[in-house]
Amino acid sequence: MTEDRPKVAVLGGGSFGTALASIAADNGATVRQWLRDDALVDEINRNHRNSRYLPDFAINPAVVASNDMSSVLEGAELVFVAIPSKAFRTVVRQARPWLHDRQILVSTTKGIQEEGFKLMSQILEEETGFSHIGVLSGPNLASEIAEKQLTATVIASDDALTRARVQTALGCDYFRVYASNDRYGVELGGALKNIYAIAAGMAAALGMGENTRSMLMTRALAEMSRFAVALGANPMTFIGLAGVGDLIVTCSSNRSRNYRVGYAMGQGRTLEEAVDALGQVAEGVNTVHLVCAKSREAGIYMPLAEGLYQVLFNDVPARDMARLLMQNEQSSDVEFTLSREDVKHARRLEGNS
Ligand SMILES: NC(=O)C1=CN([C@@H]2O[C@H](COP(=O)(O)OP(=O)(O)OC[C@H]3O[C@@H](n4cnc5c(N)ncnc54)[C@H](OP(=O)(O)O)[C@@H]3O)[C@@H](O)[C@H]2O)C=CC1
Ligand SMILES: O=C(CO)COP(=O)(O)O
């Protein structure tokens, strides 16, 4: 009974768009996927393969690809946008004539727009003015999802209908969907962790130890949540899948593109060489730039992001930066329970005694 099946549209023919389209199809939805590359459209429809972005993955044959936006969006109840942040607004504008306010629009993109420091769901809101808007984010390496390795994600939205519909459309025996109402925190978590994944890749290539990786990830979580909370997110979001969950996988896996960029640089490649060799998007490179600018402007202490910025853009050797960071003032472990100011104060007193 095709009529009863939810109709899902996915905009984007990259690795995540393709994995997501296949999950929805596995779950019984009628799925159409929009991409601009004619040869890939043809390959997905004929061979159920996407050799450019997910070469070893058999796509559910029910996914129908097209480069015609109108036919992809016609009748779609749920629209997922899986387009890198640099092109996100352009593609939403292209789609706009076929979008309507009963549809649920969900961004899966873990990046930030430079102008106005906008997150992708804010772009969806600005471009459409609609109310059913959400963000999907979590430990979701596309290539693992393609293998149906068990994982989970978060649908974040103020709108209960959006949360429930996405849980129904995507939740299945290898993919669980948890709900959140902190859209901003979930979205920032997904964007910020890419920065630290680059640093973790670098540390691994330089032969740094497991303790080092654990310290890096934990201090990254402190830094991410400090930044996000200063901008209005809920700190509790960061103990969830879209916070620490995504941070762990992206900082530990060489399937992560951000990690791979860091790893290649740790092996001596330049940033340009590392990005060129990847051939896919590594959002963290742009994000570190934007986050450092924002944290300087807002006076938010972000030593790891600043350190990475110096390594990526000012040729500071990663080892020297790591040594420098180890000499920073020793501060609070969890600053939501003991403030950095209190630690500073006590150390000043101790210094004077
Ligand atoms: N891959 C992953 O594991 C995960 C990715 N994400 C997020 O999903 C987002 C999308 O990533 P992903 O699918 O992995 O990216 P990829 O780099 O794999 O693919 C990017 C896709 O976007 C398309 N695209 C780029 N620019 C344009 C444009 N101007 N117009 C139309 N299409 C365009 C590309 O088309 P073309 O080939 O024609 O250039 C390609 O289909 C990222 O922000 C990422 O953070 C989230 C979770 C997991
Ligand atoms: O966000 C991801 C996993 O959750 C994918 O990370 P990369 O973009 O670094 O591959």
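To the nearest 20 debye, what charge dipole does segment 187-333 have about its Cα centre, counting +1 at the Cβ of each Lys and Arg and -1 at the Cβ of each Asp and Glu?
200
Check which residues have an amide H placed less than 5 Å from V316's amide H, if you skip close sequence neighbours.
Residues meeting the criterion, in which the H sits 1.01 Å from N, are V311.
Charges only on Cβ, +1 for Lys and Arg, -1 for Asp and Glu: so what's the dipole of segment 182-242 about the Cα centre, in debye to the nearest 20?
40
By count of other Cβ within 10 Å, fewest leading, how are T162, T218 ordered?
Result, fewest neighbours first: T218, T162.
When the Karplus curve 6.51 cos²θ - 1.76 cosθ + 1.60 is applied with θ = phi - 60°, which whole-Hz ³J(HN,Hα) does each residue of segment 72-77 get, with x for Gly and Pro?
Whole-Hz 3J(HN,Hα) from phi for segment 72-77: 5, 8, 4, x, 5, 8.
May I ask what percent, to the nearest 5, of DSSP beta bridges between residues of the chain are antiparallel?
Percent antiparallel among DSSP bridges in the chain is about 20.
Percent relative contact order of the chain, based on C-alpha pairs within less than 8 angstrom and at least six residues apart?
12
Please list, in order along segment 51-61, the HN-Hα scalar couplings obtained from phi with the Karplus expression 6.51 cos²θ - 1.76 cosθ + 1.60 (θ = phi - 60°), rounded to whole Hz, x for Gly and Pro.
Taking θ as phi minus 60°, the curve returns 5, 6, 10, 9, x, 9, 10, 8, 6, 3, x Hz for segment 51-61.
In angstroms, what radius of gyration and Dmax does segment 187-333 have, counting Cα atoms only?
14.0, 40
List the residues, sorted by chain then number, that are 5 or more residues from V10 or on another chain and whose placed amide H is less than 5 Å from its amide H.
Result for V10 returns R32, Q33, W34, F80.
If the chain between D315 and L338 were fully stretched, how many nm would it gain, using 0.36 nm times the residue separation less the Cα-Cα distance?
Net length gain for the segment: 4.8 nm.
If you scale each eigenvalue of the Cα gyration tensor by 5 and take the root, what three semi-axes come out for segment 260-343, rounded to whole angstrom and sorted largest first?
Equivalent ellipsoid of segment 260-343: 28, 15, 11 Å, largest first.
Pop the C-beta distance of R348 and E272 into the FRET formula with R0 = 45 Å and round what comes out to the nearest 0.05.
According to the calculation, E is roughly 0.50.
If packing is taken as the mean number of other Cβ atoms within 10 Å per residue, what is the order of 15-27, 72-84, highest first?
By packing density, highest mean first, the sequence is 15-27, 72-84.
Packing-wise, with mean Cβ within 10 Å as the measure, how do 242-253, 274-285 rank, highest first?
The densest-packed peptide leads the list: 242-253, 274-285.
As a check on your grasp of the helix formula, calculate [θ] at 222 nm for the chain: sum -39500 (n - 2.57) over DSSP H runs of n ≥ 4, divide by the residue count, round to the nearest 500.
Here the helix-only value at 222 nm equals -15500 deg cm²/dmol.
Enumerate the amide H contacts of K118 below 5 Å, restricted to partners 5 or more residues apart or on another chain; note that Pro and chain-start residues carry no placed amide H.
Placed amide hydrogens put Q113 under 5 Å from K118.
Return the whole-Å distance between the Cα centroid of segment 248-268 and the Cα centroid of segment 42-83.
Value for the Cα centre distance between the two parts: 28 Å.
About the Cα centre of segment 1-58, how large is the charge dipole given +1 on each Lys and Arg Cβ and -1 on each Asp and Glu Cβ? Please answer in debye to the nearest 20.
Once rounded to the nearest 20, the dipole reads 80 debye.
Which of the helices in the chain, when you take each full DSSP H run, stretch at least 24 Å along the axis at their Cα atoms and have an average Kyte-Doolittle score of -1.0 or higher?
Sorted by number, the helices that extend far enough and score high enough are 183-205, 210-230.
Given the C-alpha atoms of the chain, compute the convex hull and give its volume per residue in Å³.
135
Only the coordinates and a few stated rules stand behind these numbers; no lab work does. Everything quoted here is computed from the prediction, not taken from an experiment. Positions of Cβ are generated from backbone atoms using ideal geometry, with glycine treated the same way; all protein chains shown enter the neighbour counts.
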